[in-house]
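Report on the structure given below.
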Amino acid sequence: MADEVERKDGGAGRIEGGVDAIVVGANADGLTAAGYLGKAGLKTVVLDSSLEVGGLIQERVFDDGRSFLDGDRLLNILDAAAVADLELYRHGLSYAARRLATTYFFKSGDSIELPGDLQAPAQNSTDFDVKGFAQFVEDVFDTASYLRPAFESSIDKQSNVVTLDQLLHDASADFAERIKKFTVSDAQSIIEKYVATQSLQSALISETVFRQENSPQDAFSFMALVRRWAGEIAGLQGAIGYPAGGGETIIASLRRAVQSFGVEIRAAQPVQSILTEWDKIAGVELERGGQIRAPIVVAANSAKKVFLDLIGPDKIGVDFQHCLSALKPRIASARLMIDLKGAARDEETLSNMQRRLVYAPDSDALRRAYAAARAGEVPEEFVLEAIFPDILDDETRSDDRHQMFVTAHPVPFKEKFNDDWRATIEAAIRENLEIFSPGISERISNIICRMPADDAKATGEDAASFAARAGVFQQFALSSIFARNFEIEGLFFCGAESQIGTGVSCSAGRSAAQRAIKFARTVEPMS
């Protein structure tokens, strides 16, 4: 990707004008914002400190030189409005798997499979309470669909962000009561009221808290599943998709869309500071010297980097500073990229590998896992999500080996750690992998374990922005704060803290750009 974007040195003392908007950060949300700005006719420049755009979605290399793609690969909350408005299908977005089924494994050795279309009859319907599960899906889907505008930072006719309070006010009394119950309740109590089978309870509870800060027994934790099932992939609500080519396809299609609207993307252009004059945006100053002047800046980096490093604490209020300092996560996820020797040949094995695989501990094991992780200790069990990218995507299939991408949750969040700590985490995850795939350790030829501190080092961001997301109710509060202009006219934020839910969404970038476009109509361009 690096050779398809421009690298331009500003030059010490050079001041560049004639720009309507600057986007700082070429991750998925930054590119989405740039696409909307360019489509609206604003001369837009995207700046990113990395040689290659894409944020975490990057190609990396094992010790033996074999490459792998890092970052989010599965899509479940990708913003349908952004896909349509930026014509991402025309620019290369496609799916190798649109409705990915999930097989859940349990410590007992049992397993159940849920289809890619959760409203379709389950294939192994004799294994659990079909009636209770169907009612559960119906109620959660209805609630999730209704709340989707708030989850996706949608804009109303007055160009205001649609809020949870607005939707609650407009809902019928019975529906509003259900929304409130789903909002404040813990995941375990809600799920146990709907389904009686313990294995299905474990599967749904693990699905709910995966990559979340809240444990299944915490109040407000159930809303994470509502948010996830509000997502829509290729027109199917609650589905999980694997893009052809992996997560890089999202970035590539966004980049093509952005450039088709005349937006200029400049890689290897780190920003030193965001310039303000009389509480108005004036542009940015580059680390290598020089300035780019513009009345609008859309910032897609982490909140701490944007407001404390690029803008500076003297430009923001004390209350907002306290809000930033309160972002102190205790829970994170770890990722394993694994190279496996030997390729599967029989159809049954290959069929199993064409699914999303999840190891789901029971609720008591998850309670202990969260307690350990919050105390800074390594849990005995994790929720594990595993996929085989080369099996899901025929274009990357190998004849002699497979790659496996594993996400483990929860692990303790640490801003810094040593190699011994990484080895401890890796060993614990491998022990859990053996539960549902006995003997897998003997087939591992390469393995890399990555955690938030690694992501922070690779991107220059704050490690906390890669930790587990706070509860969805707290995310609503944070996104509402970040949707404001912070008393700095022309500043719009679409970093991770403004998104509700985990994974690639692009909705925060769309929302920030739509508010910026409205603002652009009220200001005179800079010379």
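The values are calculated or read from the model by the stated rules, or taken from the named source; none is laboratory data. Everything numeric in this text was worked out from a predicted model, so none of it was measured. All Cβ positions, glycine included, derive from the backbone under ideal geometry; neighbour counts span all protein chains shown.
Quick notes on this structure:
- Residue identified as modelled with pLDDT under 85, of a type in the set (Gly, Ala, Ser) and under 15 Å from the mean Cα position of the chain (by Cα) among SER507, SER479: SER479
- Filter result (assigned to a helix (DSSP H, G or I) and either crowded, with 17+ Cβ neighbours inside 10 Å or outside the structural domain of LYS180 (by TED's automatic domain parsing) (or both)) within segment 147-167: LEU147, ARG148, PRO149, ALA150, PHE151, LEU164, LEU167
- Yes/no for THR407 being buried (at least 21 other Cβ atoms within 10 Å of the Cβ), outside the structural domain of ILE500 (by TED's automatic domain parsing) and within 30 Å of GLY109 (Cβ to Cβ): yes
- Flag for ARG178 being surrounded by fewer than 20 Cβ atoms within 10 Å (Cβ to Cβ), out of contact with any Phe, Trp or Tyr (no Cβ under 7 Å at 6 or more places or on another chain) and on the phi < 0 side of the Ramachandran plot: yes
- Of all the criteria given as (1) touching a helix residue (DSSP H, G or I) at 6+ places or on another chain (Cβ under 8 Å); (2) touching a residue at least 40 places away in the same chain (Cβ under 8 Å); (3) hydroxyl-bearing (Ser, Thr, Tyr), the one not satisfied by SER253 is (1).
- Segments classed as strands (runs of 3 or more DSSP E), wholly inside segment 1-80, with at least 1 members that are out of contact with any Pro (no Cβ under 6 Å at 6 or more places or on another chain), modelled with pLDDT of 75 or more and β-branched (Val, Ile, Thr): 21-24, 44-47
- Only one of the numbered conditions (1) assigned by TED's automatic domain parsing to the domain that holds VAL19; (2) under 24 Å from LEU93 (Cα atoms); (3) crowded, with 18+ Cβ neighbours inside 10 Å is violated by GLY231, and that is (1).
- Just one residue in the set ALA508, ALA516, ALA477, ALA512 is in the same structural domain as ILE281 (by TED's automatic domain parsing), more than 30 Å from ASN352 (Cβ to Cβ), without any contact (Cβ under 8 Å) to a residue 24 or more places away in the chain and outside any loop (DSSP other than H, G, I, E, B); that residue is ALA477.
- Out of GLU442, GLU385, GLU395, GLU426, sole residue that is surrounded by fewer than 22 Cβ atoms within 10 Å (Cβ to Cβ) and modelled with pLDDT of 90 or more: GLU426
- Residue in segment 450-462 that is polar (S, T, N, Q) and assigned to a loop (DSSP other than H, G, I, E, B) present: no
- Scope segment 417-444; condition of a type in the set (S, T, N, Q), assigned to a helix (DSSP H, G or I) and under 22 Å from ALA365 (Cα atoms); matching residues: THR424, ASN432
- Single match in PHE492, PHE417 (criterion: modelled with pLDDT of 85 or more and out of contact with any strand residue (DSSP E or B) (no Cβ under 8 Å at 6 or more places or on another chain)): PHE417
- Residue that is surrounded by the most Cβ atoms within 10 Å (Cβ to Cβ), among those in segment 271-319 that are acidic (Asp, Glu) and assigned to a strand (DSSP E or B): GLU285
- Of the listed requirements (1) of a type in the set (D, E, K, R); (2) under 26 Å from the mean Cα position of the chain (by Cα); (3) under 20 Å from ARG510 (Cα atoms), LYS157 misses just one: (2).
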